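Here the structure comes first, spelled out in structure tokens, and everything after it is commentary.
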Amino acid sequence: MTPLIPGLGGAMVVAGLIGVTLGLRPAPARPPVASRSRVPFAGRLARMSRRTQTMLVAGLVLGLLVALLTGWFIAIVLAPAVVVGLPTLLSAPPSASRINRLEAMEEWTRSLSGVLTVGVGLEQALIATLRSTPDAIRPEVNQLVARLRARWSTEQALRAFADQLDDATGDLIAANLILGARRRGAGLATVLDSLAESVAADVRARRAIEADRAKPRATARWVTIITVSVLGFLALTGDYVQPYTTPFGQVILVVLLVAYVATLIWMRSMATGAPLPRFIGAAAKEGAHR
């Protein structure tokens, strides 16, 4: 029996296990769409970034070369998965961008507090902060100012602003601004200044936590690089991997690789903190009905 059939069978097994593992990961809630057509595989491939497409093609070429030179036909599937998947699993999660957004909210809140101390109204103060808004939240603040200029009520514009920020801290900022718009008191600047201090302390704590989480990620990255390098060297120079050239050996190799990838996915999920629940907007209503 040619080793091509067991190799392709093992490749299908690893692809199925990876698909099941990714399918079990919780997906972020998305707003309902009226009509959604099924996207073909070619359409999904076209939506990938050019860098991902290049890496996928390079991995496929590498897998074909390995299959032709060594007889490991499973490399046709494993090589693209390793080239595209490992950098994603070993890279830092998107928590750094969340921290940058929190820091931008803190800076914008402090700037708004400073403008309010001059004695202008809330709507004029919101419009005045547009020029000094940090880039991380500039699109959201720009939409807020556009709604105010379009004669939206201040509360409606702030609720839409909270939905666009999609963050519990953004809800807290918007809630204080909504209360300030309702009461029109003189203490809003003081409240916002205290809120900015609280957000700044939260940013410092999250940066410290992210620094601690980066250490095991760096260890896993170096262990993976060293392991792949040693296995590649032994595959080309010695008989250490000779048992894995048989059909049964390739099945065992698939099981070991899937276990290693599952460990990386588990480690990444542990290092990704769950966002705090929101209390303003559509997301809060969905959470209340669950």
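Structure notes:
- Here Arg207 does not fit the description of being more than 19 Å from Thr129 (Cβ to Cβ), part of a loop (DSSP other than H, G, I, E, B) and either open to solvent by 30 Å² or more (accessible area, probe 1.4 Å) or without any contact (Cβ under 8 Å) to a residue 24 or more places away in the chain (or both).
- Given (1) assigned to a helix (DSSP H, G or I); (2) surrounded by 14 or more Cβ atoms within 10 Å (Cβ to Cβ); (3) at pLDDT 75 or above, number of the condition Leu65 does not satisfy: (2)
- Subset of region 76-110 that is among the aliphatic types (A, V, I, L, M) and under 13 Å from Asp167 (Cβ atoms) - its residue that is modelled with the lowest pLDDT: Ile99
- Complete set of residues in region 269-284 that are modelled with pLDDT of 65 or more and either closer than 20 Å to Asp202 by Cβ or in contact with a helix residue (DSSP H, G or I) (Cβ under 6 Å, 6 or more places away or on another chain) (or both): Ala271, Thr272, Gly273, Ala274, Pro275, Leu276, Pro277, Arg278, Phe279, Ile280, Gly281
- Summed over region 230-262, the residues that are within 17 Å of Ala81 (Cα to Cα) and open to solvent by less than 70 Å² (accessible area, probe 1.4 Å) give a count of 10.
- Selection from region 153-172 of residues that are surrounded by fewer than 21 Cβ atoms within 10 Å (Cβ to Cβ) and either of a type in the set (Ser, Thr, Tyr) or touching a Ser or Thr at 6+ places or on another chain (Cβ under 7 Å) (or both): Ser153, Thr154
- One residue alone among Asp171, Asp193, Asp212 is out of contact with any Lys or Arg (no Cβ under 8 Å at 6 or more places or on another chain) and either of a type in the set (Asp, Glu) or at pLDDT 85 or above (or both), and that residue is Asp212.
- Residue count for region 173-204 satisfying the condition of being crowded, with 17+ Cβ neighbours inside 10 Å and over 33 Å from the mean Cα position of the chain (by Cα): 4.
- Search result, residues across region 116-133 that are open to solvent by 20 Å² or more (accessible area, probe 1.4 Å) and either touching a residue at least 24 places away in the same chain (Cβ under 8 Å) or under 34 Å from the mean Cα position of the chain (by Cα) (or both): Leu116, Thr117, Glu123, Ile127, Ala128, Leu130, Arg131, Ser132
The values are calculated or read from the model by the stated rules, or taken from the named source; none is laboratory data. Model, not experiment: these values are computed from the prediction. So basically every Cβ, Gly included, is an ideal-geometry build from the backbone, and we count neighbours across all protein chains shown. With ligands, DNA and RNA removed, areas are computed over all heavy atoms of the protein, side chains included. Shrake-Rupley method; radii C 1.70, N 1.55, O 1.52, S 1.80 Å.
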